[in-house]
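This report refers to the structure that appears directly beneath it.
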């Protein structure tokens with residue numbers, strides 16, 4: 001049983017690292033295209049990389065290796081799910097409406 005759990009953790013970590021590298025590559029590839037960088041989906045990808053990854057610089061000062069931060073390094077208010085910002089806006093609006101009725 002422990003072996004199965006260890007495999008699951010390893011698989012999750014490798015998948016997360018792979019996805020992080022893919023997102024970083026997309027963010028880098030389109031960083032000079034304002035029509036893309038202004039998109040909400042691009043901004044979410046950028047936010048995920050900023051909040052949940054560490055980017056090491058190459059010797060030439062350009063971004064290099066991307067690694068996933070440990071869970072202790074990731075802020076509690078970081079993006080966990082792409083629908084989080086929308087959910088937060090709905091909650092804020094609901095709270096404001098509730099205050100109006102009090």
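The values are calculated or read from the model by the stated rules, or taken from the named source; none is laboratory data. Keep in mind that what you see is a predicted model, and the values were worked out from it rather than measured. When we count neighbours, we look across all protein chains shown, and the Cβ atoms used for this are built from the backbone with ideal geometry, even at glycine.
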Assess whether residue 73 counts as being at pLDDT 65 or above and not in a helix (DSSP H, G or I).
yes
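What is the residue count in the range 44-77 for residues that are free of Cβ contacts under 8 Å to residues at least 40 places away in the same chain and either exposed (fewer than 14 other Cβ atoms within 10 Å of the Cβ) or touching a strand residue (DSSP E or B) at 6+ places or on another chain (Cβ under 7 Å) (or both)?
First, the residues of the range 44-77 that are free of Cβ contacts under 8 Å to residues at least 40 places away in the same chain: 45-65, 69-77.
After this cut, where a residue has to be either exposed (fewer than 14 other Cβ atoms within 10 Å of the Cβ) or touching a strand residue (DSSP E or B) at 6+ places or on another chain (Cβ under 7 Å) (or both) as well, the list is 50, 52-65, 69-73, 75-77.
Selection size over the range 44-77: 23.
Give me the helices (runs of 4 or more DSSP H) completely within the range 1-52, filtered to those with at least 3 residues that are farther than 18 Å from residue 79 by Cα and at pLDDT below 90, ordered by residue number.
Details: elements: 2-29, 34-37, 40-52.
Helices (runs of 4 or more DSSP H) meeting the threshold: 2-29.
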Looking only at residues that are within 23 Å of residue 26 (Cα to Cα) and outside any helix (DSSP H, G or I) in the range 76-93, which one is modelled with the highest pLDDT?
78
